[in-house]
Structures are given as structure tokens and as C-alpha cells.
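Undergrad: One structure coming up, written as C-alpha cells, with questions to follow.
The values are calculated or read from the model by the stated rules, or taken from the named source; none is laboratory data. Remember, it's a predicted structure, so these values are computed and weren't measured experimentally. So basically every Cβ, Gly included, is an ideal-geometry build from the backbone, and we count neighbours across all protein chains shown.
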Amino acid sequence: MPAPPTRDSQPPADPYAALRIPAYRALMVGMFGVFLATQIQTTVLGLQVYELSRRTLSVGESAWQVGLVGLAEAIPFLSLTLLGGWASDRWDRRILSIIGLLGLSSAALWLVVVNLNEATTTWPFLAVQAVAGAARALFRPAATALGTELVPRELYTNAATWRTNLYQVATVSGPALGALLYAEVGAIWTYTVMTGGFVVGLSAFLVIRSARRPTPNTAPILNSLREGIGFVFKNQILLGALSLDLFAVLFGGATALIPAFALDVLDAGPESVGLLRSAPAVGALAMGLWIARKGPFRRAGVTLFGCVAAFGLTWIGFALSPYLWLSLALLAAGGALDSVSIVLRATLVQVHTPPELMGRVLAVNSFFIGSSNELGAFESGVAARFLGLVPSVLVGGCLTIATVGVTAALTPKLRRLDRVQG
């Protein structure tokens, strides 16, 4: 008779466990449609605004205009996302996700109309991003919290990994598809295809059914929000992981400046913008597939800090790169490193948060992520305007590495964290 498996010889984890649940599969189909459409919108909108601005402005001023696109989305998103988290702990998360998707679809159709009218200024694009930011403030915490209702706790890491993998597939294909469509058939058809992605997402969410819902939160709104925010700030592991993501991407991620690097540093064409924006996701997807088979991390805290520090180094190398192939390789490496951070952070949030607080804590998570992504785009534009394109990215990479050192010193519990079970 074979000996029972020991602690050191456990049977391999099923890498597709979460995807075997029909409701979670439907959620992933919907999320993929949203991810793909969002990547197309971000890529093409940034490229279009940059090209429109370059007709009359310098490189630095044009980069500033691209940064304003990020700010236009960040202001409503950051203003409303905590309310979105409160709502997702009070009402049906599926219905709230659908309402958010209706807002995103409306913003996508607005872009089609703007281009039909041949806009010559950037303000209509800023207005569209503001509407999209408000819609995402409702959609993101509700849809992510909905996912925790559809899988058992022991599959949280597997579910987070597959959600991250699908996001990376969309991040690979979305920018490349968007840039190709923009170059070949123009903005109107590109935004029409993008709208179709949101419609796919909406259709998938309509068929999801959840049999497990937490007890609705009925506390007054201010007390409720204070409870969710206080939970994060009292948990050193969660606060450290979220802060690390916030400042690392805020300083180190210069994705918004990729059109400027492609056209004015690397002397490549518009098609290269899609390749460069897709490169991080290629690395992230490869890493995500490896994580799905490997299972939970050991020495998770050290791994997290090491990957974020190395992420900063890849952006320093990108700023100094004179070759397209080298820039693509550095961005892919940075994406692989960032994927580890994303999966670990998502698992930590889900494992350490009670179900009845999930929406509010995920809203705080979204606030941190939104700060790093949308405000990071604005910060990149401002830095490029005043420091210059290449120096701004060099400084950002150095600040990312400094952030790792400071966060590691202030969060010993996160630094000593070993295995994340979930």
C-alpha cells in the first residue's frame, strides 16, 4: 500500500480548479471582455491625444496632455471608489457590476461619437475618461468582491492567478489590437470594436448567479467606510503590500509615456506603441502561468520586496535603452516581476479580509491601485514636462527602489511573511 502523502510530498495542485466552477468561468469571460476593451481604450486614447497634441506642441507639452488623460480618470475614480466599495457590501454585487458596465459602455460609445465629429481638441477625450473613471469606481470593487462569492476560500490564490492571467492576455492583445486597428481602419472602427468588448462583459455578468452572499452591511455610510479603511490601516501586512504597489507604480511605471518613447526616442512607428504596451503583459502572462502550476509562494514577503525592487531596475534600463528590441525585453521582464506582486497582493487581500468587509477593503485596494495607475500617468506627464522624457523615468525607477527599502523597514510582518495560504 502506498504511503500517504507527507507535508513535503503533497499531490500537485489542480491549476484549473477555479475555472472548473461555471459561475467563475462566466465571471472570467466578462472580465476578459472588460480588460480587453479597457486596454484598447487606454492605448488608442493615449496615442490619439499625443498625436493630436504634437501638431502644435512640443514633446514635453504633448506628454503633459497624455498625463491629463490619466488625471481626468483619476479624479472621479478616487473620489467615488470608496463609495463603490460601501455599496458592494450593502447591495447585490452582480447588479452593481452591471450598472458600472453600462457606464463604461456609454463612455465607449461617446468616443465613437467624438471621432465621428472629428474632434480637434483634447477636452472631449478628458470628459470621456472622467465618465469611465466614475463607472470603474463602481464596477471594480463590486466585480472583484463578486469573485470571492463564487469560489471557496482554498481556491483564492488559484482564482486570483487566473484573473491576473486573463488580465495579462488582454494586456498583450489589447494594445496590439488597438494600435493595429487604429493604424489600419482609424479611430471610429477601433472604438466600435472596443465597445463590443464591454458588451461581451455585460452579457457574461447577466448570466452569473451567486449562491453565497455575505450578510449585507447596514451600518451608516460614514461608520461603514471608517470600518473598512480602519481594517486596512490596522493590518500591517495589507497596508504594507498596498503601499508598496502604490508608490512603486506611481514612481516606477511610466506606461503613459510609451507613445513618446516609441515615436521620439526609439524612432519607431505608431505600430510599435502597441508592441511596447503589450510587452509587460507577455512577461506577466508567462509568469502567471508558472504561478498557477507552482501554487502558493514560500517566503512571500521577501519575494514581494525583491520583485518590486527589480521592477524599478527594469524601468531604469528602459529609459536608457536605444533599441526597440531591448526596450521590449526590459518591459517584458518588468511585467513578469509585476505579476508576482499582483498575485500576492490580491491573495493577501482576500485571505486576510472577512467576507462582510470584502467590498470596502477591495475599494481601498482599488483606491491604492487607481492612485498608482491613473495618478502615475499624470505624474509621468508632469515629470516629463519639467525633467525631460528620459530623466523623468530614471528618477522614477530610483524612487521605486527607495520605496522598497522604506516599506521593508516599516513593515517587518510583511517582510517576514512566509507562505500565503488561500
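Undergrad: Inspect the stretch 203-213 for any residue being crowded, with 21+ Cβ neighbours inside 10 Å, modelled with pLDDT of 80 or more and outside any helix (DSSP H, G or I) and give the result as yes or no.
TA: yes
Undergrad: Just give me the residues in the stretch 183-198 being surrounded by fewer than 24 Cβ atoms within 10 Å (Cβ to Cβ) and either in contact with a helix residue (DSSP H, G or I) (Cβ under 6 Å, 6 or more places away or on another chain) or in a helix (DSSP H, G or I) (or both), in sequence order. Break it down stepwise before answering.
TA: Going through the stretch 183-198, the residues surrounded by fewer than 24 Cβ atoms within 10 Å (Cβ to Cβ) turn out to be 183-189, 192-193, 195-196.
Of everything in the stretch 183-198, those that are surrounded by fewer than 24 Cβ atoms within 10 Å (Cβ to Cβ) and either in contact with a helix residue (DSSP H, G or I) (Cβ under 6 Å, 6 or more places away or on another chain) or in a helix (DSSP H, G or I) (or both) turn out to be ALA183, GLU184, ALA187, ILE188, TRP189, THR192, VAL193, THR195, GLY196.
Undergrad: What number of residues in the stretch 275-310 are at pLDDT below 70 and either in a helix (DSSP H, G or I) or surrounded by 21 or more Cβ atoms within 10 Å (Cβ to Cβ) (or both)?
TA: 3
Undergrad: Name the pairs: first residue in the stretch 396-414 and in contact (Cβ under 8 Å) with a residue 40 or more places away in the chain, second residue hydrophobic (A, V, I, L, M, F, W, C) and part of a loop (DSSP other than H, G, I, E, B), Cβ to Cβ under 7 Å, at least 6 apart or on different chains?
TA: GLY396/ALA254
Undergrad: Let me ask another. Quick check on my filter: what residues within the stretch 32-47 are within 12 Å of the chain's Cα centre (by Cα) and surrounded by fewer than 24 Cβ atoms within 10 Å (Cβ to Cβ)?
TA: PHE35, THR38
Undergrad: If the requirement is being closer than 30 Å to ASP264 by Cα, at pLDDT 85 or above and either out of contact with any Phe, Trp or Tyr (no Cβ under 6 Å at 6 or more places or on another chain) or polar (S, T, N, Q) (or both), which of these qualifies: LEU47, LEU36? Working first, answer last.
TA: Details: LEU47 fails: at pLDDT 85 or above.
Within the list LEU47, LEU36, the selection yields LEU36.
Undergrad: Out of the stretch 110-130, which residues are in contact (Cβ under 8 Å) with a residue 40 or more places away in the chain and in a helix (DSSP H, G or I)?
TA: LEU111, VAL112, ASN115, LEU116, PHE125, LEU126, ALA127, VAL128, GLN129, ALA130
Undergrad: How many residues are of a type in the set (Ser, Thr, Tyr) and either under 22 Å from ILE99 (Cβ atoms) or surrounded by fewer than 24 Cβ atoms within 10 Å (Cβ to Cβ) (or both) if we restrict to the stretch 136-163? Full working, then the answer.
TA: As a first pass, look at the stretch 136-163 and keep what is of a type in the set (Ser, Thr, Tyr): 144, 148, 156-157, 161.
Right, trim to either under 22 Å from ILE99 (Cβ atoms) or surrounded by fewer than 24 Cβ atoms within 10 Å (Cβ to Cβ) (or both) and you get 144, 148, 156.
Final tally of qualifying residues: 3.
Undergrad: Filter the stretch 98-118 down to the residues that are of a type outside the set (A, V, I, L, M, F, W, C) and under 29 Å from ALA87 (Cβ atoms), then identify the one that is surrounded by the fewest Cβ atoms within 10 Å (Cβ to Cβ).
TA: From the stretch 98-118, those of a type outside the set (A, V, I, L, M, F, W, C) are 100, 103, 105-106, 115, 117-118; that's our starting set.
Still in the running and under 29 Å from ALA87 (Cβ atoms): 100, 103, 105-106.
Numbers: GLY100: 26, GLY103: 19, SER105: 21, SER106: 15.
By that ranking, first place goes to SER106.
Undergrad: Please determine whether any residue of the stretch 261-272 is in contact with a helix residue (DSSP H, G or I) (Cβ under 6 Å, 6 or more places away or on another chain), modelled with pLDDT of 70 or more, assigned to a helix (DSSP H, G or I) and over 22 Å from LEU387 (Cβ atoms).
TA: Yes - at least one qualifying residue is present in the stretch 261-272.
Undergrad: Moving on to the next point. Being of a type in the set (S, T, N, Q) and under 18 Å from LEU27 (Cα atoms) is the filter here, so list the residues in the stretch 76-132 that pass it. Before the answer, list the steps.
TA: As a first pass, look at the stretch 76-132 and keep what is of a type in the set (S, T, N, Q): 79, 81, 88, 97, 105-106, 115, 117, 120-122, 129.
Correct list: SER88, SER97, SER105.
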